[in-house]
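Only one structure is covered here, and it is reproduced in the block below.
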Amino acid sequence: MIAIGIMSLTSNLYAQSIYKLTDSKDIGMKLSGTSTLHNWTMNASAFGGEAQFEVKQDSRQLSAIKSLTFSLAVQDLKSGESGLDKNAYKALKTSTYKDIVFKLLSATVTPGKDNKYLVKAQGNLTIAGVTKEVTINATAVVNENGTITCTGSHQLNMTDYGVKPPTFMLGAMKTGDAITLDFTMVYKK
């Protein structure tokens, strides 16, 4: 009987809740890279996903991330240059593979300062139909309004995902293989 009471008390201290990505001006994802002519950036501010965070009730203490997914429609990435966008969509095989998807396998949450938490997230990242296991380091903040903001950056090589770096102007301009994915995601209960 005492064990049941202790288990009940422990489960009441931490609540696991499903959070969904919000549509707000505070979210964003950016792909950036280099080329023989100039650096390039593609931005997106619309993507979907959800997560299951374990947060201590009546506080802003994050103890675990049980699940997390996000999905980005590739054609929501925009550079402001239609030629660059068109070549990127072709290289990313959007006629067959519409989305970039991340699915969490496991996460380690380490407390930092000022309600910030260092997150080491291992998961499957799928780009152009190829899935690779990756480790993404991020910072999570439990905000006063109960939302959770996750920010981070991850470098990868396009060729690891079977993506041939695009070329332009009959091959005179070539993009580099390495790209960086920067993100800010806000999850709300």
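The values are calculated or read from the model by the stated rules, or taken from the named source; none is laboratory data. These figures come from a predicted structure and were not determined experimentally. Every residue, glycine as well, gets a Cβ built from its backbone with ideal geometry; the counts of neighbours run over all protein chains shown. Ligands, DNA and RNA are excluded from the accessible area calculation, which covers all protein heavy atoms including side chains. Shrake-Rupley method; radii C 1.70, N 1.55, O 1.52, S 1.80 Å.
Odds and ends about this structure:
- Residue within the stretch 88-95 that is farther than 18 Å from residue 32 by Cβ, without any contact (Cβ under 8 Å) to a residue 60 or more places away in the chain and not in a helix (DSSP H, G or I) present: yes
- Test: residue in the stretch 26-33 that is more than 20 Å from residue 153 (Cα to Cα), assigned to a loop (DSSP other than H, G, I, E, B) and open to solvent by 80 Å² or more (accessible area, probe 1.4 Å): no
- Within the stretch 84-100, the set of residues being open to solvent by less than 40 Å² (accessible area, probe 1.4 Å) and either closer than 16 Å to residue 182 by Cα or of a type outside the set (Val, Ile, Thr) (or both) comprises 84, 85, 88, 89, 91, 92, 100.
- Among all positions in the stretch 108-123, there is no residue which is part of a helix (DSSP H, G or I), in contact (Cβ under 8 Å) with a residue 40 or more places away in the chain and open to solvent by 40 Å² or more (accessible area, probe 1.4 Å).
- Candidate set from the stretch 46-65 (those that are in contact with a Ser or Thr (Cβ under 9 Å, 6 or more places away or on another chain) and within 30 Å of residue 166 (Cα to Cα)); member that is modelled with the lowest pLDDT: 47
- The stretch 146-159 residues that are under 16 Å from residue 53 (Cβ atoms), paired with ones that are part of a strand (DSSP E or B) and among the acidic types (Asp, Glu) (beta carbon under 9 Å, 6 or more apart): 151/182; 152/182
- Residue that is most open to solvent (accessible area, probe 1.4 Å) [pool: residues in the stretch 128-149 that are under 30 Å from residue 164 (Cα atoms) and not hydrophobic (A, V, I, L, M, F, W, C)]: 133
- The stretch 55-87, residues that are without any contact (Cβ under 8 Å) to a residue 40 or more places away in the chain, in a helix (DSSP H, G or I) and of a type outside the set (Ser, Thr, Tyr): 74, 75, 76, 86
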